[in-house]
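Following: one structure in structure tokens, then a few remarks.
The values are calculated or read from the model by the stated rules, or taken from the named source; none is laboratory data. These numbers come from a predicted model, not from an experiment. As a convention, Cβ positions derive from the backbone with ideal geometry for all residues, glycine included, and neighbour counts pool all protein chains shown. Heavy atoms of the whole protein, side chains included, go into the accessibility calculation; ligands, DNA and RNA do not. Shrake-Rupley method; radii C 1.70, N 1.55, O 1.52, S 1.80 Å.
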Amino acid sequence: QVHLVESGGGLVQPGGSLRLSCAASGFSFNTHWMRWYRQAPGKERELVAHISGAGNFTDYTDSVKGRFTISRDNAKNTVYLRMNSLKLEDTAVYYCNSRVLRKDYWGQGTQVTVSS
């Protein structure tokens, strides 16, 4: 059974940093792409970053390029999202995602609030 558990969210001031983690289980982690999405109040869920199974390919939505870094540790079945220079508009619930056997799986989400 696929299971994704996010952690690391919290309250941070503008310009601050956080690192999110997503622990995965129940599938072959190192052969699957992993994604971070976010959903702000009143907005649609958007793809923030994704990373290939081997970790050698990453991509980001334009609004976070240069500030966020996605990475993974396949030995720990964990994917990370390092978020620097956080802005008010980064406030959202952040979700970890993977598609396994053509089905999307999601974690429960972790709240990130950027506020002064």
*Of the conditions (1) more than 10 Å from the chain's Cα centre (by Cα); (2) over 18 Å from V114 (Cα atoms), G42 clears all except one; give me its number.*
(2)
_Hits in the range 10-26 (condition: under 30 Å from V100 (Cβ atoms) and out of contact with any Lys or Arg (no Cβ under 6 Å at 6 or more places or on another chain))_ = G10, L18, L20, S21, C22, A23, A24, S25, G26
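Residue by residue, here is whether (1) farther than 15 Å from D73 by Cβ; (2) within 16 Å of the chain's Cα centre (by Cα); (3) surrounded by 12 or more Cβ atoms within 10 Å (Cβ to Cβ); (4) modelled with pLDDT of 95 or more holds:
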{"position": "V2", "(1), (2), (3), (4)": "yes, no, yes, yes"}
{"position": "G9", "(1), (2), (3), (4)": "yes, yes, yes, yes"}
{"position": "P14", "(1), (2), (3), (4)": "yes, no, yes, yes"}
{"position": "L20", "(1), (2), (3), (4)": "no, yes, yes, yes"}
*Of the conditions (1) over 15 Å from the mean Cα position of the chain (by Cα); (2) in contact (Cβ under 8 Å) with a residue 40 or more places away in the chain, L101 fails just one. Which one is it?*
(2)
*In the range 72-107, what residues are assigned to a loop (DSSP other than H, G, I, E, B) and either of a type in the set (V, I, T) or under 26 Å from G15 (Cα atoms) (or both)?*
N84, S85, L86, K87, T91
*asked:* Quick check on the range 45-70: of everything there that is among the hydrophobic types (A, V, I, L, M, F, W, C) and outside any strand (DSSP E or B), which residue is most open to solvent (accessible area, probe 1.4 Å)?
replied: F57
*Could you grab me the full set of residues in the range 71-110 that are within 20 Å of G42 (Cβ to Cβ) and open to solvent by less than 60 Å² (accessible area, probe 1.4 Å)?*
L86, D90, T91, A92, V93, Y94, Y95, G109, T110
*What do you reckon, is R38 open to solvent by less than 50 Å² (accessible area, probe 1.4 Å), in a strand (DSSP E or B) and either more than 17 Å from L86 (Cβ to Cβ) or of a type outside the set (G, A, S) (or both)?*
yes
*Which ones in the range 22-58 are within 13 Å of V79 (Cα to Cα) and touching a residue at least 40 places away in the same chain (Cβ under 8 Å)?*
C22, A23, A24, S25, F29, N30, H32, W33, M34, R35, W36, Y37
